[in-house]
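Quick notes on the structure that follows.
The values are calculated or read from the model by the stated rules, or taken from the named source; none is laboratory data. What you see is a predicted model; the values in this text were computed from it and never measured. Cβ placement follows ideal geometry from the backbone for every residue including glycine, while neighbour counts extend to all protein chains displayed.
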Amino acid sequence: MLRTLPAVTTSTLAPVQDLNLLRTFLAVHRAGSFTAAAPALGLTQPTVTAQMRALEQQLGRQLFQRLPRGVEPTPFARELAERISAPLDDLDLVAGGNCELDGRTAPVHLAGPSELLCARVLPALAPLVADGVRVHVATGEDEELLEQLREGRHDLVLTTLRPRGRALGITELAQEEHLLVAAPAWAERVEAREAGTPVCAALESVPLVSTADDMPVVRRYWRTQYGKQHPAVGPALTVPSLHAVIAAVRAGAGYSVLPRSLSEADLLSGALVQLEVPERPRTTPLLLVRRPGAEQNSATVRVAAALEEAAAAW
């Protein structure tokens with residue numbers, strides 16, 4: 001049922017006549033900056049700034065404090081956002097034809113890394129899709145996807161990057177472990193190293209396969225396990241995806257650091273070998289980030305719940 005929009009007034013405040021000002025305010029509150037809110041609203045940043053000044057003049061209250069990056073809502077702004085968010089979201093659902101008046105819910109816009117989506121997320125959502133839930137999936141880099149979520153282009157984003165912004169809902173789904181792996185022939189060479197030689201030293205003569213020249217995943221592993229900033233020798237082969245890394249390493253191109261979720265089947269079959277079992281496993285939190293207001297679509301709630309349930313076994 002559509003909720004009644006409460007009057008944003010007190011004994012000393014005039015009522016707000018233009019709902020568009022409140023929509024702009026809510027977008028800024030959720031995005032954390034005027035600049036990030038503008039694309040979601042189809043406005044320019046100067047227009048958003050002007051509308052916020054007009055709203056502050058009508059209310060007689062300051063709504064945001066400027067920060068070096070973005071804005072910080074005042075206590076009054078937080079209370080205002082809490083009061084108007086649900087009614088405005090309901091109005092927007094009706095205006096956009098996304099409510100359940102026709103018996104169908106709007107599609108859920110979900111985004112995340114392509115490898116994770118293929119390996120774990122899509123299998124977890126298959127029963128919901130079979131039950132009639134519509135899901136639109138996108139892929140990309142963490143920062144890009146989170147920015148698009150703030151702009152309203154996604155409802156849910158899977159990421160290993162903790163976003164800024166108090167209005168975003170964040171749930172930790174799992175801890176992803178990263179493993180140092182190679183094909184059996186290279187693993188035998190590493191195992192045959194001289195006594196007292198660390199694994200990282202033995203790998204200096206083994207080609208490295210990575211998704212990027214700056215090899216962020218490999219560097220994080222080296223810092224965690226060896227206290228070094230990076231391997232002594234950079235990547236011999238750079239490929240565009242983790243699936244390509246697995247294919248190359250499985251074929252004997254060299255070694256890499258891979259998520260357990262993507263390499264576990266090859267480890268069980270013997271196509272890949274874990275080169276060491278570290279005392280301090282290298283893990284990364286996998287987060288599910290929700291757009292404020294996304295819960296107004298019951299299908300989004302079902303998708304989030306399904307991912308949280310499936311993640312218990314990840």
Note to self: Being under 9 Å from the mean Cα position of the chain (by Cα) and of a type in the set (Gly, Ala, Ser) is the filter here; which residues of the stretch 126-162 pass it?
What the structure shows: none
Notebook entry, point to check: Counting only residues that are crowded, with 17+ Cβ neighbours inside 10 Å and either over 13 Å from the mean Cα position of the chain (by Cα) or within 18 Å of Pro163 (Cα to Cα) (or both), how many does the stretch 110-120 have?
Noted result: 7
Item checked: Selection from the stretch 58-75 of residues that are modelled with pLDDT of 85 or more, among the charged types (D, E, K, R) and loosely packed, with under 15 Cβ neighbours inside 10 Å -> Arg66, Glu72
Check: Among the residues of the stretch 290-302, which ones are within 17 Å of Glu151 (Cβ to Cβ) and not in a loop (DSSP other than H, G, I, E, B)?
Finding: Arg290, Ala294, Thr300
Next item on the list: Please verify whether the stretch 190-203 includes one or more residues that are touching an Asp or Glu at 6+ places or on another chain (Cβ under 6 Å), under 25 Å from Thr284 (Cα atoms) and surrounded by 18 or more Cβ atoms within 10 Å (Cβ to Cβ).
Entry: no
Check: When residues of the stretch 213-234 are filtered for being outside any helix (DSSP H, G or I) and over 21 Å from Asp142 (Cα atoms), how many remain?
Finding: 8
Check: How many residues does the stretch 203-229 hold that are more than 24 Å from the chain's Cα centre (by Cα) and among the basic types (Lys, Arg)?
Finding: 1
Notebook entry, point to check: Is it the case that Leu287 is of a type outside the set (S, T, N, Q), within 30 Å of Pro107 (Cα to Cα), within 20 Å of the chain's Cα centre (by Cα) and not in a helix (DSSP H, G or I)?
Noted result: yes
Notebook entry, point to check: Taking the stretch 14-37 as the search range and keeping residues that are farther than 18 Å from Leu168 by Cβ and without any contact (Cβ under 8 Å) to a residue 60 or more places away in the chain, which one is surrounded by the most Cβ atoms within 10 Å (Cβ to Cβ)?
Noted result: Thr24
Next item on the list: Take Glu279 and decide whether it is among the charged types (D, E, K, R), in a helix (DSSP H, G or I) and free of Cβ contacts under 8 Å to residues at least 12 places away in the same chain.
Entry: no
Check: Restricting to the stretch 136-166, what's the tally of residues that are aliphatic (A, V, I, L, M) and buried (at least 19 other Cβ atoms within 10 Å of the Cβ)?
Finding: 6
